[in-house]
Ligand SMILES: Nc1ncnc2c1ncn2[C@@H]1O[C@H](COP(=O)(O)OP(=O)(O)OP(=O)(O)O)[C@@H](O)[C@H]1O
Ligand SMILES: [Mg+2]
């Protein structure tokens, strides 16, 4: 080690330190989340977890692939509907219902993604929005979605046939496993050889093409991954609230998850979690304010775009000079 | 190098890259007009001309970042006119960009490593830790050192000065060991000491590859190039050694005319 040039020893200093910090944060987070349901309402916490996963899925696409989707409600919502329908009308077990909803989001992601990635920047965002609106109208009109009422009283059922999920506390730990697993999965994706390519696409797509990368394939791959994980979040949410409704597929849902990501810090590992927690908390505790919550969200959106574009975690990362 | 005086460009050596009647029209405006270009293997070939002459557009056509309106492009005898950009890069023709093209939010070493990573083929393995890429670290650092950036190895590329970004770009391109490099104004915005170092580097790396280079710094062009093509208003105005083209009346006129505009 002592024979290395300064450049080489620096080379090892950086990659070793950063993942260790992330590991510590994940571990602390897990401990807190294991204690949390005994202090806070499990349903509230499950909502935070679902949205943390949803926002992290969007962040995978936006913060690491540089692709702004304004139609992620399509994946969240359709998975939510399909899981709700499968659990209620077909009586599928919760794990199969979630799997089916997630798989549907993946297929939808493949279809929408294949068309959307042909466009760049704002046009990409508009194509995703347009498709999401189509999914929304489908949800309004289709005979099996329950129209304005949505699909209500979805049975949570028994996980693997023997774990009764009717207790909020039991379900919480299942949701924790799903969401935390999803977050670790995303963490692995962004720190994989594939993730390196994604960051390079985000930073400078033409340059990456000039190095011989077929970027369209990578964009499609990350789009499908992001859609799938958004679907997993929506499917899980359907079981938590025992409900799939038009709210899940409405464009405001797409906007909200973008807001969570921006507020927390896009392109950071922990930003979407913070953003999701902040917005869900706000919605729950200021619910009495009615429509003013939307106004407040609008103000936060404008502020986070104009004043601190890096988001909460982005600012902390800059001040502490750590990658978070 | 002693230049032959015969006008035909392909009497010596083998042609690695050739363009025939290359034309590009933009909404009624012809940016590149019937350009014929033959680049000989193992040479440094400069493409010069006043601003707006169509040099960058030529690069974009040769590497298929733009689709030619007409004309053909051959590399190593193979027609590459209809290949996508990434495939042309894979064949060994790698370009740089006029506006510095780095990956700003990645470290200097990671910039080079993303090029080295191409050797794995496709990198769709999202389940694997990126630590598998550390196999490329030593070589990436060597490339970084080669362009004089070793003290910045772990700096974010976006934080580098303009001249250093250009140097990093060359290191990244070199990491692919391309058979042919297309450099668009590699020295633009560099301090004189960097120009000297990068000139020396380009000469060194030209030993076993072909370089087509756009450059405004004429002393660099005079110093490095074996052959020069002068472009003006989208057309080839002259071709030959530096002495030949610099005596060409049309070339003198084009440069003086351009500086008066
Ligand atoms: N995408 C485009 N659409 C329309 N016109 C274009 C486009 N790209 C280039 N042009 C025009 O084509 C002409 C040639 O441009 P080009 O960039 O190739 O010149 P250049 O020789 O590289 O100049 P410079 O020395 O300034 O870099 C210019 O008049 C430019 O405005
Ligand atoms: Mg140019």
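The values are calculated or read from the model by the stated rules, or taken from the named source; none is laboratory data. Computed from a predicted structure; not experimentally measured. Every residue, glycine as well, gets a Cβ built from its backbone with ideal geometry; the counts of neighbours run over all protein chains shown.
For this structure, a couple of remarks:
- Number of positions in the range A:219-242 that are within 15 Å of residue B:123 (Cα to Cα) and surrounded by fewer than 22 Cβ atoms within 10 Å (Cβ to Cβ): 2
- Of everything listed in (1) more than 21 Å from residue B:191 (Cβ to Cβ); (2) at pLDDT below 95; (3) under 20 Å from the mean Cα position of the chain (by Cα); (4) more than 16 Å from ligand 2 (Cβ to nearest atom), the single unmet condition for residue B:142 is (3).
- The single residue among B:62, B:66 that is crowded, with 23+ Cβ neighbours inside 10 Å, within 16 Å of ligand 1 (Cβ to nearest atom) and within 14 Å of chain A (Cβ to nearest Cβ) turns out to be B:62.
- Among the residues of the range A:39-88, the one identified as part of a helix (DSSP H, G or I) and free of Cβ contacts under 8 Å to residues at least 60 places away in the same chain is A:86.
- Taken over the range A:197-232, residues that are more than 7 Å from chain B (Cβ to nearest Cβ) and touching a strand residue (DSSP E or B) at 6+ places or on another chain (Cβ under 9 Å) amount to 0.
- Among (1) more than 17 Å from the chain's Cα centre (by Cα); (2) within 12 Å of ligand 1 (Cβ to nearest atom); (3) under 19 Å from residue B:238 (Cβ atoms) - the single one residue B:55 does not satisfy: (1)
- Condition check for residue A:155: outside any helix (DSSP H, G or I) and more than 22 Å from residue B:128 (Cα to Cα): yes
- Checked against (1) in contact with a helix residue (DSSP H, G or I) (Cβ under 9 Å, 6 or more places away or on another chain); (2) in a helix (DSSP H, G or I), residue B:196 passes all but a single condition, namely (1).
- If you filter the range B:76-90 down to residues that are within 14 Å of chain A (Cβ to nearest Cβ) and not in a helix (DSSP H, G or I), you find that the one that is nearest to ligand 1 (Cβ to nearest atom) is B:84.
- Flag if residue B:71 is over 13 Å from the mean Cα position of the chain (by Cα), part of a loop (DSSP other than H, G, I, E, B), away from chain A (no Cβ under 14 Å) and away from ligand 1 (no atom under 13 Å from the Cβ): no
- Checked against the criterion of being more than 7 Å from chain A (Cβ to nearest Cβ), within 23 Å of residue A:203 (Cβ to Cβ) and free of Cβ contacts under 8 Å to residues at least 40 places away in the same chain, the range B:37-52 has no qualifying residue.
- Filtering the range B:199-215 to residues that are part of a helix (DSSP H, G or I) and in contact with a strand residue (DSSP E or B) (Cβ under 9 Å, 6 or more places away or on another chain) leaves B:202, B:203, B:205, B:206.
- Tally, over the range B:47-90, of residues that are touching a strand residue (DSSP E or B) at 6+ places or on another chain (Cβ under 9 Å) and within 16 Å of ligand 2 (Cβ to nearest atom): 18
- Residue that is farthest from ligand 2 (Cβ to nearest atom) [pool: residues in the range B:91-107 that are surrounded by fewer than 19 Cβ atoms within 10 Å (Cβ to Cβ) and over 23 Å from residue B:13 (Cα atoms)]: B:105
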